[in-house]
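The values are calculated or read from the model by the stated rules, or taken from the named source; none is laboratory data. Since this is a predicted model, take the numbers as computed values, not measurements. Neighbour counts run over all protein chains shown; Cβ positions are idealised from the backbone, glycine included.
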Amino acid sequence: MEKDSFYEVKRLSSNNEYYSNVFKKTERMVSVVFYILSYIERNEQTDFHLKNISEKAMRVHESSLATLSLYEYEVKDKIFPFEQSLVALEGMLRIANAARVLNDEVLALLLAEVDLVQRYLRNHFTSQTPLTVRDSAQVSPSITVDRPKASKSIGAIRPSRVSIPKGDISSDAHMVYSQLVDRSVRIKTVLEAKPEATIKDIAEVITDVGEKTIQRELNSLIEKGQVIRQGERRWSKYSLAK
């Protein structure tokens, strides 16, 4: 009698191609967005757009993290919120460009980052007609933009800072991103996406600090009753407290 064959069911967090080509690229993209926004002069005219872009970028980050907990067979049915968040971010970037908060060069740079992730999703995971800002009215409400007069200060970014390499995340970009997002919140988001995670698992996602810093943050969350630990020392696994 032949032995029963089993199909190993994996989560996306264990899919190296998805992790490298979608999750890590998304992390880089969000970092670049926050990095560029940090160089735009804030005033009454730009605050509205910068706030909306920041919120949409954070939603992309959170949705991307959430996909890591999906099983591979669930992707086509459950990855839509992540795709939708990408389109929502794209829409806000275009609106900011129409309002002259982002110049054309910066818009092209950011849309290229978004497109990298969208194309990989379509080609390898969804095989669907791509969502567009125009086609998806549910992604973001329509906003009327009053195009202001041109101003040298709006969207003014140091030229040397605009051309960010297409390789690893710029250290400056990651620094800005990590400063804007509370580390404990980021750790809890990782644990929500990947229950029973080790410190090494968390360090693969939160790359701007070392494992000792993550350990201290986890100990603080355990003391607050927000995280529970199973096992001892290097075999310890962490989950959100219910």
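Scanning segment 63-109 for residues that are of a type in the set (Val, Ile, Thr) and within 19 Å of Thr189 (Cα to Cα) gives Thr67, Ile79. Close contacts from segment 115-128, counting a first residue that is farther than 15 Å from Glu90 by Cβ and a second that is at pLDDT 85 or above and among the hydrophobic types (A, V, I, L, M, F, W, C), with Cβ to Cβ under 7 Å and a gap of 6+ residues or different chains, come to Tyr120/Val22; Phe125/Ile79; Thr126/Ile79. Looking only at residues of segment 218-242 that are at pLDDT 90 or above and in a helix (DSSP H, G or I), we find that the one that is surrounded by the fewest Cβ atoms within 10 Å (Cβ to Cβ) is Glu223.
Here's the yes/no breakdown for (1) part of a loop (DSSP other than H, G, I, E, B); (2) at pLDDT 85 or above:
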{"residue": "Val185", "(1), (2)": "no, no"}
{"residue": "Glu204", "(1), (2)": "no, no"}
{"residue": "Val209", "(1), (2)": "yes, no"}
{"residue": "Arg216", "(1), (2)": "no, yes"}
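The residues of segment 14-53 that are closer than 22 Å to Ile95 by Cα, surrounded by fewer than 19 Cβ atoms within 10 Å (Cβ to Cβ), touching a Ser or Thr at 6+ places or on another chain (Cβ under 9 Å) and not charged (D, E, K, R), listed by number, are Asn43, Gln45. Anything in segment 20-62 that is in a helix (DSSP H, G or I), farther than 21 Å from Gln84 by Cβ and aromatic (Phe, Trp, Tyr)? List them, or say none. Listed by number, the residues that qualify are Tyr35, Phe48.
Residue-level check: of (1) hydroxyl-bearing (Ser, Thr, Tyr); (2) at pLDDT 85 or above; (3) within 11 Å of the chain's Cα centre (by Cα), Thr46 misses just (3).
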